[in-house]
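For reference, the structure is listed below as structure tokens.
The values are calculated or read from the model by the stated rules, or taken from the named source; none is laboratory data. Model, not experiment: these values are computed from the prediction. Cβ: placed from backbone, ideal geometry, glycine included. Neighbour counts: every protein chain shown.
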Amino acid sequence: MKRFVVIVLDGFGIGYMKDAEKVRPEDVGANTCKHILQEKPSLKLPNLEALGLMNALGEPVGAMKLSNTAVFGRAELQHFGADTFYGHQEIMGTKPRMPEKEPFYKACDRIYPELIKKGYQVEVIEGEVGKYLKVNNALTIADNLEADSGQAYNITSALDFIDFQEVVEIGKVVRSVSYVSRVIVFGGKGITIEDIIGAQEEKDNGFIGVNAPKSGVYNKGYQVVHLGYGIDPEVQVPTIMGKVGKSVTLIGKVQDIVSNEYGKSIPGVDTEEVLKATIEELKNLEEGFICTNVQETDLRGHGEDVEGYAEKLTIADKYIGEILQLITKDDILLVMADHGNDPTIGHSHHTREMVPLLIYSKDFKPQSIGTRKTLSDVGASVADFFGVDMPENGESFLDTLNR
């Protein structure tokens with residue numbers, strides 16, 4: 001029995017990175033973990049405390065104390081900005097590449113002829129300043145209005161009128177001639193192209209897109225695939241392990257955004273639900289890798305909701321305690337984050353923060369593994385643990401751990 005479990009507390013950073021002043025000045029001063037504990041001084045997370053959360057933070061805060069039994073460290077973000085998608089690609093061993101920011105109307109003239117070549121019926125829809133595409137009278141291709149402007153394009157589809165796999169193929173065409181960080185391909189049932197276009201919104205500087213919740217796309221039969229710039233699943237841990245027959249299970253949001261062609265993927269958003277699924281998988285798994293994303297912490301950060309964030313941390317801590325009971329001397333549990341999302345910083349976006357690395361196995365001696373330069377060191381350590389080929393990026397920290 002040999003298992004490696006990674007739990008990602010989405011958006012749970014431990015202090016802004018040094019480069020934030022230059023690249024994201026709005027994030028200077030952010031510290032998701034510290035500020036939540038300062039706002040909720042009686043909050044006690046006993047399992048995260050024992051794992052060394054305060055050690056990784058660098059100081060005790062409120063009711064939370066330093067641990068004298070912990071194996072801990074921290075990791076910097078190598079990817080640009082502070083992004084869940086790219087954070088998880090980095091965790092899995094991808095070396096981040098810098099995309100460009102570009103409003104869809106500038107890419108439209110490149111994308112249109114490529115779709116025509118493939119035999120699709122394509123119509124340009126003009127806004128006051130911007131423009132977007134309607135394809136096969138079943139989907140639109142336009143700016144993503146939720147992310148920072150120019151970072152992503154949305155393909156919003158009515159799945160009663162087009163098969164989702166066909167939508168994905170259209171997405172791949174768009175991806176092939178786009179330089180933004182993400183092309184997000186999604187669709188739902190029970191809606192029409194009229195519903196999608198009726199949810200059109202336009203922003204300043206030519207950004208135009210579809211208000212996805214307003215369109216109804218999430219209400220029934222929702223499916224999604226994220227196509228990232230510079231992402232090659234072949235050099236990531238799930239594919240490397242899957243190709244040699246080793247078990248990989250992705251749970252929660254990570255299953256939406258990381259390719260796992262050979263493994264098992266379990267959707268879910270509710271914190272209790274995804275962690276219970278993790279426990280069940282762990283109980284039934286003799287050998288393999290599990291990665292679980294706890295998304296609701298990030299959602300509470302977006303909502304600037306300290307109370308709600310603390311509540312989700314409390315639930316996560318409870319189930320992490322149950323997972324700890326299942327970890328043997330042959331296993332490793334690692335609790336981490338992918339970026340920050342400080343609900344007290346004054347804006348509702350992700351924050352560019354370092355993340356904790358809280359490591360547990362039954363006979364590890366207390367120690368610090370220091371500050372790692374990339375989240376990919378986690379993926380490299382997973383590969384090292386199972387004796388498979390290394391991913392594209394990262395260095396294993398297994399040889400620094402003392403038993």
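At a glance:
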{"read-out": "Selection from region 82-112 of residues that are within 24 Å of Glu202 (Cβ to Cβ) and not acidic (Asp, Glu)", "value": "Pro99, Lys101, Pro103, Phe104, Tyr105, Lys106, Ala107, Cys108, Arg110, Ile111, Tyr112"}
{"read-out": "Test: residue in region 31-42 that is crowded, with 21+ Cβ neighbours inside 10 Å, in the same structural domain as Thr239 (by TED's automatic domain parsing) and of a type in the set (S, T, N, Q)", "value": "yes"}
{"read-out": "Residue under evaluation Asp10, criteria (1) under 30 Å from Leu285 (Cβ atoms); (2) surrounded by fewer than 19 Cβ atoms within 10 Å (Cβ to Cβ); (3) among the acidic types (Asp, Glu), criterion not met", "value": "(2)"}
{"read-out": "Hey, Val177 of a type outside the set (Phe, Trp, Tyr) and within 25 Å of Asn205 (Cα to Cα) or not", "value": "yes"}
{"read-out": "Condition check for Ala147: surrounded by fewer than 23 Cβ atoms within 10 Å (Cβ to Cβ), outside any helix (DSSP H, G or I), of a type in the set (A, V, I, L, M, F, W, C) and under 23 Å from the mean Cα position of the chain (by Cα)", "value": "yes"}
{"read-out": "Subset of region 242-287 that is of a type in the set (Lys, Arg) and under 19 Å from the mean Cα position of the chain (by Cα) - its residue that is farthest from Val225 (Cα to Cα)", "value": "Lys264"}
{"read-out": "Test result for Thr314, touching a strand residue (DSSP E or B) at 6+ places or on another chain (Cβ under 9 Å), surrounded by fewer than 18 Cβ atoms within 10 Å (Cβ to Cβ) and of a type in the set (Ser, Thr, Tyr)", "value": "no"}
{"read-out": "Candidate set from region 237-286 (those that are surrounded by fewer than 20 Cβ atoms within 10 Å (Cβ to Cβ) and among the polar types (S, T, N, Q)); member that is farthest from Gln325 (Cα to Cα)", "value": "Ser265"}
{"read-out": "Boolean, Val210 is more than 29 Å from Ile91 (Cα to Cα), modelled with pLDDT of 90 or more, within 24 Å of the chain's Cα centre (by Cα) and crowded, with 18+ Cβ neighbours inside 10 Å", "value": "yes"}
{"read-out": "Residue ranges of helices (runs of 4 or more DSSP H) in region 206-283 with at least 1 members in the same structural domain as Glu126 (by TED's automatic domain parsing)", "value": "212-215"}
{"read-out": "Residues of region 360-403 satisfying the condition of being among the β-branched types (Val, Ile, Thr) and surrounded by fewer than 24 Cβ atoms within 10 Å (Cβ to Cβ)", "value": "Ile369, Thr371, Thr374, Val388, Thr400"}
{"read-out": "Meets criteria (buried (at least 24 other Cβ atoms within 10 Å of the Cβ) and more than 23 Å from the chain's Cα centre (by Cα)) for Val71", "value": "yes"}
{"read-out": "Residues that are assigned to a loop (DSSP other than H, G, I, E, B) and under 19 Å from Leu401 (Cβ atoms), drawn from region 59-92", "value": "Ser67, Asn68, Thr69, Ala70"}
